[in-house]
1. For A:Met70, D:Met219, C:Met100, give me the order by solvent-accessible area with a 1.4 Å probe, most accessible first, ignoring ligands, DNA and RNA.
2. Starting from the alpha-carbon convex hull of the range A:410-526, give the projected area averaged over all orientations, in nm².
3. So for the pair C:Glu273, C:Arg260, with labels modelled 7 Å out along Cα→Cβ, what separation do we get in nm?
4. Angle between the Cα long axis of helix A:466-496 and the longest principal axis of chain A, 0 to 90 degrees, nearest 10?
5. Could you compute how fast the range C:144-241 diffuses translationally, taking Rh as the Kirkwood radius over C-alpha pairs and applying Stokes-Einstein at 20 °C with viscosity 1.002 mPa s? Give it in µm² per second.
6. What would the Debye equation give as log₁₀ I(q)/I(0) for the range A:239-333 at q = 0.14, 0.19, 0.23 Å⁻¹, counting only Cα atoms as equal point scatterers?
7. Once whole DSSP H runs in chain C are found, which of them have Cα atoms spread over 27 Å or more along the helix axis and a mean Kyte-Doolittle score of at least -1.0?
8. Full extension from C:Asp237 to C:Leu208: what is 0.36 nm times the residue separation minus their Cα-Cα distance, to one decimal in nm?
Amino acid sequence: MSNPSLAQQYFGHAAQHNYLNVSKGWKSWAFTLDHKRIGVMYLIGVTFALLLAGVFALLLRAELFTPNKMFLSEAQYNQMFTLHGAIMVFAFIIPSIPAALGNFVLPMMLGAKDVAFPRLNLMSFYLWVIGTIFLVIAMITNSLDTGWTFYTPYSIRTSTGVVAATFGAFVLGFSSIFTGINFLVTVHTMRAPGMGWFQMPLFIWGLYATAIIQVLATPVLGITLLMLIAERLLHIGIFDPKYGGDPVLFQHFFWFYSHPAVYIMILPGMGVISELISVYSRKKIFGYSFIAFSSVAIAILGFLVWGHHMFTSGQSELVTLIFSAITFTVAIPSAVKVFNWLSTMYKGCIALVTPMLFAMSFIFLFGIGGLTGLFLATLRTDIHLHDTYFVVAHFHYVMVGGTLTALFGGLFHWWPKMFGRMYNELCGKITCLLVFVGFNVTFFPQFVMGSRGMPRRYARYDIEFEAFHQWSTIGAMILGVGVVIGFATLVYAAFRGPRCAGNPFGAATLEWQSSSPPSFHNFDHKVEFTSPYDFSTQVYDEELDSYVHRNFTAPAKPAVPVQPQSI
Amino acid sequence: MTTAHDSHDHGFAHPVSKKLLYGVFFALVLLTIITVVANDLPLGKLDLWVAMGIASIKAFLVMAFFMHMWWEKGINIVFFLSSVLFAVLFVGFLLLDTDSYKEDVEIFPVDLRPGATEVISPLKPVSETPH
Amino acid sequence: MNFSLFNLLAQPDIEHPPYEWGDYFFPVQAAEGAAENDFIYWAILWISAVFFVLIVAFMMYFAWVYRRRPGHEKPLPSPSHNTTLEILWSVIPSILLVWMFYAGANGYFQSRIIPESAEEIWVTAQQFNWAFTYPDGDSTANELHLVVNRPVKFKMESRDVLHSLFIPAFRQKQDVVPGRYTYTWVRPTRVGTYRLYCTEYCGDNHSLMYANVIVHASEEARKEATKWDWDLFAQTDPVKNGERIYQLNCAGCHRVDGVRSTGPPLNEVYGTERSLLSGTRLGDENYIRESIREPNKEIVSGFTSPSQMPAFIQFNDDQLNWIVIYLKSLSGKE
Amino acid sequence: MSIEHGVHHDGLHGDHHDAHHHGKFIAHHFDSAEQQFDAGKMGIWVFLVTEVLFFSGLFCAYILYRYHHPEIFVQAHHFLDKVLGAGNTIVLLFSSLTMALAVRASQLGQNRSVAIYVLITMVCASIFLGVKAVEYTHKWDMGIFVRSFFQYDDHHHAEGISRYLILASIVPGALLACFGGLALLGMTSKGGFEKAFWGGMAIMVLGYFIGVGGGMFYMGMSGGEHYTPTELHHDIGIFFSIYYCMTGLHAFHVIGGIIALAWIYYRSLACHWRPDYFGPVDNVGLYWHLVDLIWIFLFPLLYLIN
């Protein structure tokens, strides 16, 4: 049984030494090798990217309030949607859950002291910074108007800053690759003794599957973007029809990365949701191995479906048919996950707190996002729906409804662990409600608009679509307010929220056995390895207002402050 | 300490014998010479496959012995070979696709290429005269 | 600013039957295959709706019934895996997916396999206009004239970047790829006027690159609308001829109301001193001819070199003269 | 770097008995030299995976264009000299051998041998680049550039040393002077560490000039690559686009390899390697073999076409 006084000492609010206060000064952050600090820096970075790209989104929606010009010229509109897409995809969604949340959580979940290559980890953060700076440089000097897909030959001909932006995306790609390598190796070599592959939390499985994609797909994006830069500067004639190149080839190259990249965006989100549902239902996850394998299955199948972005692009019928067939197979593992989550809730003990509400909102939104994917996988209907607002709505349901919701859910779940302070539950619920409502009001009308024939990337549109666009704009504003309230709640909590102890939610994964915030070495006391979903091991301690592992033992030696390592 | 796989205090250092390394090197040089010579033989369409076959043998030798893959952990081999698998997949789909629409590209007149009238033939006619 | 939040049944500004709730999600079905497309869409929609409603209903029900509350602070005993169930909920959706794939692929091939009897219309896409050339040699810009119930094969080429031809009422779409031909076909089944959009992002005025599709009741009506008889043409007013050529070839990039577009406006060209990157020059007949034939030779100030304009070497002397006369009439200068 | 053992050994992996392994080169978050080695090894293998896929894009472009336009490739290969290519292949293979020997020496803790083998590897890499420079500049002399600049004209073929080659040799020349100077300065210091390091660097750069000299000599002997076709395919430049992309990217990897090898050379001189710590040599070696591996495929694909 837990020993309250010892638990208090090492696990309670009063934990003296943690990764936040172990050293001071900006250098101790800028040159840190601690995965937790790098995770926090990533978090700050991707939030900045989200807000920047979010502002572009709101400007776009505002412009689309009327069919004709309001305040953006056509050229400005094109730059806005391009920057919105490029920054959101490359600088926010891809690094958001893996690099920010994953960096913090993954080593601790494995019971490790750090990721396998801390220097590489820091380097990948700085590559992210450099890449994002290049995107921003492109934005403020010459802007960018190719769409985030950089389709040739337009990207070769436009006068905007394609080279700076593609170079930025190239560097961001390497940031992503290095994170992937790090996570793969960490999962392989640094699991706690006794933790087999099938005792890993499902979030780790999600991140592992993601890392596979990052490692296998992102290099192809790298070479594609280099070839695009060479094409633009030297006209090497591989993608440019003017010199005998093939623009469809570029699309193949691009989507060979970018479709798997979609799963880089969603798989970690699914991992987060698996954790949340289980913890807040206080029940062992249903069908563990099916969820784990479905992550890997999605990762592998994700490589075989890229052509479904090109059904109308001049791709051949035969290849189109193959890609359509394989695309449907991705639906199965996705559906399996959803069914397993529902079964986990069955007969559970469900705490309807903010993270759980986000998880339920995820199931709702991802359900719509996933099911509308069927319309796009079906060849006949995709001919009609391709490149319309239907597609826009579909991928926003997956990426925003999925990834952003999961990111928020994960942040609210792990925030007390990251900063040792609790957020305001009411504000959390309001965030969830606003994001949910705002999101649906924004994107649901776009399905109808799309099937009625509204093409995407249009600065001006026919009057018949006006009502839909107006609803969409109003929804976007609500969504924007929701996101801002969410981050305000979290930031306030990090500095001023009431302190909390090690494990306020009673989760059983290993990171909850550390103090909150964790100490520099993650764990000061001996970690009891138990199944990540065996909640009976967690005993509520009233004095601490936290759960404590029933075999909690104090460290053999009292924790002494250590000097953190830096480069 | 010159024999292969000396069992060592620490389990992970496996020095390979010098003889083996030299042997592999000479095999590689030999194969290089063979591939250059084979290139001049009238092999017709086979020549590409011969050249690729020899290159693959060379690659195998380098990977297996210089890169110690012969003694490597299974997981690392699987990872490395999976990269080849994905590359083949990538190329395979692209060949399949481009082959099917090749005709539409070929019948498209060169002088109709976008911007063709500006810079269509950067080539000057080449004179026959040797010098 | 117009608040039309509740005007969800707004009509397009082209001729169009009123929406009914039955076809609310789609524009009118005006071509072969449209009905099939809509049927597949609805079928998938209903299948998805059933699954979605079930998922959400179960989720809400569980969340409510098993919510944590005094008296229910521990989960009830229940199994943590059930392989039969897993297989069941993998296989049943799979069967539906196979049907979707089959139906979709079937419809797709019908929309791709071009009937032998189809007439061939050449489509030339260019930033930011569409040109259509009919089998009899006539051509139109930004207006596609079709005959009801006659299958049409579009042979498409792009002069610059990717475009995509999309006619929502026909449920048909195909990208136009520079450097090669792409094809698609339609058989319109309903007389009327419909929209044709470019759906592959192609540059600044992408959203203005649309055309109207006019489906005529008969071949004669179409002929009347597209007449482009060179003999007749030569005898009509040269200004009109020039305007026609302008509409067909130049209007996508050059406006005549003094507003800068992809290229400079043309109404002030004739008879004014042109400010060029290489100096100034009088906008006379020679200048205009040269600009059309060798657009890269001299670039107007404020535009980038090399010129985005393709060289129009296909015009003969007559046609060039008509253009000059037309531009002269626009500027009002001698 | 060293951390008090008390703290982390009480942690999760505290039951390990091999505390004495926590030597100078074991990072704090690893429990043992072997775990660190395994992690590093796996990391480099996964990195090689990304490298293979990185090159796969170019191989893909190559295969597609060769498949669709074999006539371009047959015509274009006349511009490439297969003797130079084969020579370079053997140079790279030899560097792979010395690299493998360096790894072997490091596993045995023979730091001096590691230094010598690594130095030979670097010199071979430089020779490779020198020969490559001769090949490139010879083509540039004849106007053989990428697709859009392709302007073949045999008359341009300059007598004497190509201006492009002189331009390309400026940086190696400057480096040679720089390293040589530093080595001379190092003579004065005790211990000879600086002398050995900078001297090695200077010898490495010298390799470039050996390569250039060899290449020029061969060119002089054989008269260079000359080919006067009646008519060139209008898209023949695409071959050279792909050629420059592939070999250029490969050359960048060679340069990257030299930098990594220089780091290994430095650490060998500092006697860092021990039978339980040689991971960096092994990992850089793997990278170097991959560079060799890619060339093994590039050589027949680009030079041997019939």
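The values are calculated or read from the model by the stated rules, or taken from the named source; none is laboratory data. What you see is a predicted model, and the numbers here were worked out from it, not measured in a lab. Positions of Cβ are generated from backbone atoms using ideal geometry, with glycine treated the same way; all protein chains shown enter the neighbour counts. All accessible areas refer to the heavy atoms of the entire protein, side chains included, with ligands and DNA or RNA removed. Shrake-Rupley method; radii C 1.70, N 1.55, O 1.52, S 1.80 Å.
1. Working: A:Met70 75, D:Met219 25, C:Met100 0 Å².
Ranking A:Met70, D:Met219, C:Met100 by accessible area, largest first, yields A:Met70, D:Met219, C:Met100.
2. Details: hull surface 40.0 nm².
The number I arrive at for the range A:410-526 is 10.0 nm².
3. Result: 2.0 nm between the two label points.
4. The angle comes out near 30 degrees.
5. Working: Rh = 15.0 Å.
Translational diffusion coefficient: 142 µm²/s.
6. Here the Debye-derived log intensity ratios amount to -0.62, -0.90, -1.12.
7. On the way: long enough: C:34-65 (45 Å, 1.70); C:83-112 (42 Å, 0.75).
Flagged H segments are C:34-65, C:83-112.
8. Values: separation 29, 0.36 × 29 = 10.44 nm, distance 2.98 nm.
Full extension from C:Asp237 to C:Leu208 adds 7.5 nm.
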